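The block underneath contains the structure these notes are about, expressed in structure tokens.
The values are calculated or read from the model by the stated rules, or taken from the named source; none is laboratory data. Computed from a predicted structure; not experimentally measured. Here Cβ is always computed from backbone atoms with ideal geometry, including for glycine, and neighbour counts include all displayed protein chains.
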């Protein structure tokens, strides 16, 4: 069994009286799509935030490629190759797709131009276009503001941004929640392509059909604790729902 | 993309500027939209210290009637506030409209010197009405009230009401305005000459009645035994009376205001203000027109004219002093 | 095109394709609000020129309009940056006065009438402005106090401190090198030096805003502060710099005002902050952040200035000028609203198209 690229053991986090994470375990392997499911309040978002450096934990161990680390900021996670796409996409609506992909990480012009703050727009556009095409994202204009684009396009841009910078793990929080049928199809296809590049994908979803369609493994969270981890091919939707609500149990692998 | 717009914009601006410069010298004069066509009469421009002030409106009435008699046309402009940064663009625009003479009340003794000097250099006759500047050599004449004398007269009015003496306060406008500075000076010199009275100094209300009211209520809190307040101009008087009323001290404090606008006359009749030192803005205006036309005709001018004032009290406001009250509308 | 391919192109793709066909560069130019406002300005100039060719449409007059707009232009550059970040700076008029006061006090203490003293005065004025701006920026970004409140507070404090420092009496001794050169001097005999300085500020401001990373981050913070933070943009530091720039430019405006008026004019600048904000908004910069241009601000400045100048020359009562400027301001914000809401719905950002499509419904 290969080393998990990202692993969590016994994570605990409390907010006041509420125990959002209660000795939670988690692991994800390279080139694998893992679905993270659970009922509302199960701790999915909290777990993702902890694993992407946005939230500190009270106790527990996080390991990156086998080595224990402490994640203190999202920038640190980015440096390790972990990127997250939240539900609100975190895009700046007035900026165009290229500016959004490179925001915070612009390529500067060489020499004096770069010192004065001039950016290498041509190179950034080229690489962005490449990133979009690789994922099959239909971005029609590289210079229009993303606020004027459809939800599906914005989703694609956000995912392309994450994939462009990540080379280890990409977290997606409810990537299909606000999309129509065709756009969802595109996103799921994109997820497969990301996996095929050897990057681990973790996505949170409430949609059992999507989970069944695209994930390799499913991890179920219940009340801040991992209730089960199953291979997708060994399970079905009813069992997953049962595991989420506690109606049925499985031995945790 | 954005840069292209700017470039095109600059080119378009340059093109239109070029068009205007080359094409716009000839063409029939369209006859200004000011009162009267008077092609043989002179064009006079009057720039007030601040628009909407009855003192300057009365002056405007005087100017307009004198101009009508002399066959000249008048346009009037004034900034919203007594503020040189607002008055300068107005002066520049007025100068560009090429009047024959400008009657102006400068809002700052220094800041308005250069723009007005430029006007004089352009051949326009400049007459300073009401306020003046540090170096008025470019002007053909300066006309204002005897402000120092007016300040001293105000003190006399307070002395009459309180022969036993006491504390007195001056509420002025802003330092640097020649007229109100002179009034305060006249008042304070007179106070110094009488050791029964204590001078509490000068406070500045920035030509805002509300500020004057705040100053007075605060001063009365600090010194409840103030017997007299001298308010150096129209808005200061309005606000000071309000302040005294708010503090409930109408019976113990004598207010003498400078200027006699309708609101102050009302306060006078109500008894919150005891006396008003009214200037003669219409006379200042008339004299201004006379001097401007004399200068334009090449006749002798009087470099300095001091106009008088009337003390208005409740007793004479409807009688002898009726005409001394300022107008809020002409005619 | 086969029926199958047609079916695959959903409504959004069709819309995008047809929208792209209409989007030639010239079209894009015409749609920019700054350009449309510029056309308005040209129309206003043309109308006044026709009414008063001998007086309005003269180089000497236009020169003075440009000269009087120069100080506002300098302030406008700073305010454009601030408003693009969806902030606001009400304190610029007071900071202008305060920096002028500190500068004049310093120069008076130094005593000289030469460029040595003048240069110290210039540096002091700009430096004091930067300090105020930094103060604003720190409160806004670190203490999270809304910009409206912070700058309202510094408006009062700066003006009050200016009055305390001077005892309420204006300082009227300004080195003549300043008043002669910057105040009223010209280059090539006709171009006011103060306007050249303003033009340099405008050009640098525009280049930085539209071409550099600093400008991009300004738009990003205004567009979505949260998104910028998430990707690692140091939002707090950027905001402090923005307000420092606004303050610094107010300080520059302070020394320019000293040179032009020869006095600290403490009672002045009462309307300046609102006039500058109006100019920025008329020029197409959105109060909600994320969009704006320096060119638009400059045009937006000239519209009230030209209106006032034209009205005075043609003898219109001064209060009409307020009415006209107020109307233009409201119209500009309304147009911005219409464009933003139609853009959010994925439609065209052309104002006229928005009106037409509304009627069709």
Residue that is nearest to the other protein chains (Cβ to nearest Cβ), among those in the stretch B:107-128 that are free of Cβ contacts under 8 Å to residues at least 60 places away in the same chain and in a loop (DSSP other than H, G, I, E, B): B:111
Residues satisfying the stated conditions in the stretch B:182-203, i.e. closer than 23 Å to residue B:143 by Cα, within 14 Å of chain C (Cβ to nearest Cβ) and surrounded by fewer than 22 Cβ atoms within 10 Å (Cβ to Cβ): B:185
Residues that are more than 26 Å from residue B:294 (Cβ to Cβ), within 10 Å of chain C (Cβ to nearest Cβ) and modelled with pLDDT of 50 or more, drawn from the stretch B:27-58: B:51, B:52
Within the stretch C:219-235, tally of residues that are more than 7 Å from chain A (Cβ to nearest Cβ) and surrounded by 22 or more Cβ atoms within 10 Å (Cβ to Cβ): 2
Residue among A:110, A:68 that is farther than 30 Å from residue C:292 by Cβ, free of Cβ contacts under 8 Å to residues at least 12 places away in the same chain and not in a helix (DSSP H, G or I): A:68
Which listed residue is in contact (Cβ under 8 Å) with a residue 12 or more places away in the chain and farther than 30 Å from residue B:246 by Cβ, from B:307, B:272: B:307
Total residues in the stretch C:162-173, condition in contact (Cβ under 8 Å) with a residue 40 or more places away in the chain and closer than 23 Å to residue C:132 by Cα: 7
Options C:312, C:323, C:316; residue that is surrounded by 14 or more Cβ atoms within 10 Å (Cβ to Cβ), part of a helix (DSSP H, G or I) and modelled with pLDDT of 75 or more: C:312
Filtered residues of the stretch A:113-130 (kept if touching a residue at least 12 places away in the same chain (Cβ under 8 Å) and at the interface with chain C (Cβ under 10 Å from one of its Cβ atoms)): A:119, A:121
Residue match in the stretch A:94-102 (condition: buried (at least 18 other Cβ atoms within 10 Å of the Cβ), at pLDDT below 90 and facing chain C (nearest Cβ under 9 Å)): no
Any hit, the stretch C:184-193, residues being in a helix (DSSP H, G or I) and in contact (Cβ under 8 Å) with a residue 24 or more places away in the chain: no
Total residues in the stretch C:104-116, condition within 14 Å of another protein chain (Cβ to nearest Cβ) and crowded, with 18+ Cβ neighbours inside 10 Å: 1
Answer from A:154, A:182 - the residue that is in contact with a helix residue (DSSP H, G or I) (Cβ under 8 Å, 6 or more places away or on another chain), assigned to a helix (DSSP H, G or I) and over 21 Å from residue A:45 (Cβ atoms): A:182
Test for residue B:241: is it under 17 Å from residue B:202 (Cβ atoms) and in the same structural domain as residue B:185 (by TED's automatic domain parsing): no
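Each row is one residue, and each column tells you yes or no for (1) under 25 Å from residue C:232 (Cα atoms); (2) touching a residue at least 40 places away in the same chain (Cβ under 8 Å); (3) within 14 Å of chain C (Cβ to nearest Cβ); (4) crowded, with 23+ Cβ neighbours inside 10 Å.
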position	(1), (2), (3), (4)
A:133	no, no, no, no
A:151	yes, no, yes, no
A:156	yes, no, yes, yes
A:193	no, yes, no, no
A:203	yes, yes, no, yes
A:206	no, yes, no, no
A:213	no, no, no, no
A:237	no, no, no, no
A:240	no, yes, no, no
Answer from C:150, C:128, C:82, C:97 - the residue that is over 25 Å from residue C:278 (Cβ atoms) and assigned to a helix (DSSP H, G or I): C:128
Lone qualifier among C:101, C:82 - being more than 22 Å from the chain's Cα centre (by Cα) and buried (at least 21 other Cβ atoms within 10 Å of the Cβ): C:101
Residues of the stretch C:287-303 classified as closer than 23 Å to residue C:58 by Cα and more than 10 Å from every other protein chain (Cβ to nearest Cβ), total: 3
From C:209, C:159, C:155, residue being touching a residue at least 24 places away in the same chain (Cβ under 8 Å), surrounded by 18 or more Cβ atoms within 10 Å (Cβ to Cβ), within 12 Å of chain B (Cβ to nearest Cβ) and under 15 Å from residue C:251 (Cα atoms): C:159
Sole residue being away from every other protein chain (no Cβ under 12 Å) and in contact with a helix residue (DSSP H, G or I) (Cβ under 9 Å, 6 or more places away or on another chain), chosen from C:204, C:197: C:197
Members of the stretch C:225-280 that are farther than 30 Å from residue A:93 by Cβ and assigned to a loop (DSSP other than H, G, I, E, B): C:262, C:263, C:264, C:265, C:266, C:267, C:268, C:269, C:270, C:271
Residue selected from the stretch B:312-331 under the condition touching a strand residue (DSSP E or B) at 6+ places or on another chain (Cβ under 8 Å) and surrounded by 18 or more Cβ atoms within 10 Å (Cβ to Cβ), by the criterion nearest to residue B:100 (Cα to Cα): B:326
Every pair of residues 6+ apart whose Cβ atoms lie under 7 Å, when the first sits in the stretch C:313-330 and is in contact (Cβ under 8 Å) with a residue 60 or more places away in the chain while the second is assigned to a helix (DSSP H, G or I) and surrounded by fewer than 18 Cβ atoms within 10 Å (Cβ to Cβ): C:314/C:51
Condition met for residue B:239 (in contact (Cβ under 8 Å) with a residue 40 or more places away in the chain, under 21 Å from the mean Cα position of the chain (by Cα) and buried (at least 20 other Cβ atoms within 10 Å of the Cβ)): yes
Which numbered condition residue B:152 fails, given (1) more than 9 Å from chain C (Cβ to nearest Cβ); (2) buried (at least 24 other Cβ atoms within 10 Å of the Cβ): (2)
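One line per residue, one yes/no per condition, for (1) at pLDDT 85 or above; (2) over 26 Å from residue A:158 (Cα atoms):
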{"residue": "A:51", "(1), (2)": "yes, no"}
{"residue": "A:57", "(1), (2)": "yes, yes"}
{"residue": "A:61", "(1), (2)": "yes, yes"}
{"residue": "A:67", "(1), (2)": "yes, yes"}
{"residue": "A:73", "(1), (2)": "no, no"}
{"residue": "A:76", "(1), (2)": "yes, no"}
{"residue": "A:82", "(1), (2)": "yes, no"}
{"residue": "A:91", "(1), (2)": "yes, no"}
